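What follows is a set of notes on a single structure, which appears directly below.
The values are calculated or read from the model by the stated rules, or taken from the named source; none is laboratory data. Remember, predicted model here, so these are calculated numbers, not experimental data. Cβ: placed from backbone, ideal geometry, glycine included. Neighbour counts: every protein chain shown. We work out accessible area using only protein heavy atoms, side chains counted, and drop any ligands, DNA or RNA first. Shrake-Rupley method; radii C 1.70, N 1.55, O 1.52, S 1.80 Å.
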Amino acid sequence: MRVLVTGGSGFIGSHVVDQLLAREHEPVILDTTPSPHHPWVTAVVGDLTHPETVLGAARDVGAIIHLAAVADVNDVFADPVRAGAVNVHGTQMVLEAARHENIGRVVYASTVWVYGNAPVEGEIDEDAPLAHPSHVYTATKLAGEMYCNAYRELYGVESTILRFGIPYGPRARPAAVIPSFVARAQQGDALTIAGDGNQTRQFVYVEDLAEGVVLALEQASARRIYNLVGDEETSVRQIADTVRAVVGDVPLVHGPERPADVRLGHISGARAATELGWTASTSFADGVRRYVDWISIADRLAVPATPG
Ligand SMILES: NC(=O)c1ccc[n+]([C@@H]2O[C@H](COP(=O)([O-])OP(=O)(O)OC[C@H]3O[C@@H](n4cnc5c(N)ncnc54)[C@H](O)[C@@H]3O)[C@@H](O)[C@H]2O)c1
């Protein structure tokens, strides 16, 4: 199937393109940045917020995997209006294109941050009630989910909502916690942990995540929401220890506690396991090892570590 991947030049999108190619689909990238990872793949270099660009890119595709977004919370903080334009209006442009071109499916990339401060005791699944977001990034991603629902109800545009855990792995942004710890350890510098480092997150190795995204194209996952998360809870302290075990035994220092982060309970991946047959199979230690191997090869070949 010909599949449009918005944001296909980005971190997650580039792995989704790999997965589509591996499964003999025909990816088409729509991104403001040409892909450094797949320069041979058909691409529309243009802006999601321009309706004609999205309509043109969506011609003759069977599905759209919509990943393009202002995805870095620091960029959202710096320019919340642009984040709204891309993440909310841009998502609506994708749904409009799907409506006009009668495209069978939109797969929408949301985030587990929508569960921030959810009023739930115990494990959180896709039916959990959501609290109002306290960050513009989360507000835009949740708005995108709402537009998916509304376009389905009003116009019959079929969509699947995927709530991603925190991805890491090859091509990750250098400023993210794992890349920055790896870079510091490779230089022999100490790793700084804010507070006691006991706060945990559910990471997901990006190649596993991309596999789940492509599995969500299956017919049965229309109208469904899936959490794509790793099951392991990994603390900042464990990240640091894993990086020290893989890269080198640099010192650890403790810095002051950061202002209270959004509370996230343990998120269940059971629905994706049952319905998509997907689990994040790469352990955290293996994923960090694979990331470090990739960094070494990318450094030797001077492959761009990040798009753009
Ligand atoms: N990285 C994470 O921690 C994370 C977690 C949960 C969900 N997500 C979601 O996954 C998706 C992909 O995130 P990522 O980490 O790969 O981000 P990324 O920044 O690496 O990729 C996003 C891509 O979108 C492109 N883009 C941005 N604005 C555009 C526009 N106006 N028109 C066309 N293309 C545009 C960028 O050039 C980039 O290539 C996003 O929707 C993000 O919200 C990311």
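For Gly188, indicate whether it is more than 16 Å from the ligand (Cβ to nearest atom) and open to solvent by less than 10 Å² (accessible area, probe 1.4 Å). Steps first, please.
Numbers: more than 16 Å from the ligand (Cβ to nearest atom): yes; open to solvent by less than 10 Å² (accessible area, probe 1.4 Å): no.
In short, no.
Quick check: is even one residue across region 208-219 free of Cβ contacts under 8 Å to residues at least 12 places away in the same chain and touching a Lys or Arg at 6+ places or on another chain (Cβ under 9 Å)? There is at least one residue in region 208-219 that is free of Cβ contacts under 8 Å to residues at least 12 places away in the same chain and touching a Lys or Arg at 6+ places or on another chain (Cβ under 9 Å). Please state which of the following conditions Ala245 fails to meet, knowing it meets all the rest: (1) modelled with pLDDT of 90 or more; (2) surrounded by 15 or more Cβ atoms within 10 Å (Cβ to Cβ). Of everything listed in (1) modelled with pLDDT of 90 or more; (2) surrounded by 15 or more Cβ atoms within 10 Å (Cβ to Cβ), Ala245 misses just condition (2).
Within region 84-108, residues that are under 21 Å from Val214 (Cα atoms) and more than 9 Å from the ligand (Cβ to nearest atom) reach partners that are open to solvent by 20 Å² or more (accessible area, probe 1.4 Å) and not aromatic (Phe, Trp, Tyr) with beta carbons closer than 6 Å, at six or more positions or on different chains, in the pairs Ala97/Leu55; Gly104/Gly62; Arg105/Glu158. Answer yes if at least one residue in region 47-62 is farther than 13 Å from Val213 by Cβ, surrounded by fewer than 21 Cβ atoms within 10 Å (Cβ to Cβ) and near the ligand (Cβ under 7 Å from one of its atoms), and no otherwise. Yes, some residue in region 47-62 is farther than 13 Å from Val213 by Cβ, surrounded by fewer than 21 Cβ atoms within 10 Å (Cβ to Cβ) and near the ligand (Cβ under 7 Å from one of its atoms).
Within region 1-30, how many residues turn out to be part of a strand (DSSP E or B) and out of contact with any helix residue (DSSP H, G or I) (no Cβ under 7 Å at 6 or more places or on another chain)? So the answer is 2. Go through region 19-43 and give me each residue that's within 9 Å of the ligand (Cβ to nearest atom) and open to solvent by 50 Å² or more (accessible area, probe 1.4 Å). Listed by number, the list holds a single entry, Thr32.
Looking only at region 260-296, which residues are of a type in the set (Val, Ile, Thr) and assigned to a loop (DSSP other than H, G, I, E, B)? Selection gives Val262, Thr279, Thr282.
Once region 131-174 is narrowed to residues that are open to solvent by less than 10 Å² (accessible area, probe 1.4 Å) and of a type in the set (A, V, I, L, M, F, W, C), the residue that is farthest from the ligand (Cβ to nearest atom) is Val157.
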